[in-house]
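A.B. asks: One structure follows; several queries about it will come next.
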Amino acid sequence: MDKLILLKNNDVFTTSFVIAEGTNVKHKNIKELIAKYENDLKDFGLEPTV
């Protein structure tokens, strides 16, 4: 994947798949880290509604 961020309806975001690929970490492990630090990540903004 060549895009680190995505733009949709003027919202800038990334996905756990992009993070996993860019860091060479298994997607499962990235999802676990996201769950562990969910409250801290919310400081950056909420998940966009689709």
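A.B. asks: Collect the residues in region 33-43 that are in a helix (DSSP H, G or I) and surrounded by 10 or more Cβ atoms within 10 Å (Cβ to Cβ), keeping them in residue-number order. So that I can check it myself, show each step before the final result.
C.D. replies: Keep residues of region 33-43 that are in a helix (DSSP H, G or I), which gives 33-36, 38-43.
The answer is LEU33, ILE34, LYS36, LEU41, LYS42.
A.B. asks: Within region 4-32, restricting attention to residues that are modelled with pLDDT of 95 or more and either open to solvent by 60 Å² or more (accessible area, probe 1.4 Å) or not aliphatic (A, V, I, L, M) (or both), which residue is farthest from GLY45 (Cα to Cα)?
C.D. replies: So, considering only residues that are modelled with pLDDT of 95 or more and either open to solvent by 60 Å² or more (accessible area, probe 1.4 Å) or not aliphatic (A, V, I, L, M) (or both), the one farthest from GLY45 (Cα to Cα) is LYS26.
The values are calculated or read from the model by the stated rules, or taken from the named source; none is laboratory data. Treat the numbers as computed from the prediction; the structure is a model and nothing was measured. All Cβ positions, even for glycine, are placed from backbone atoms using ideal geometry, and neighbour counts span all protein chains on display. With ligands, DNA and RNA removed, areas are computed over all heavy atoms of the protein, side chains included. Shrake-Rupley method; radii C 1.70, N 1.55, O 1.52, S 1.80 Å.
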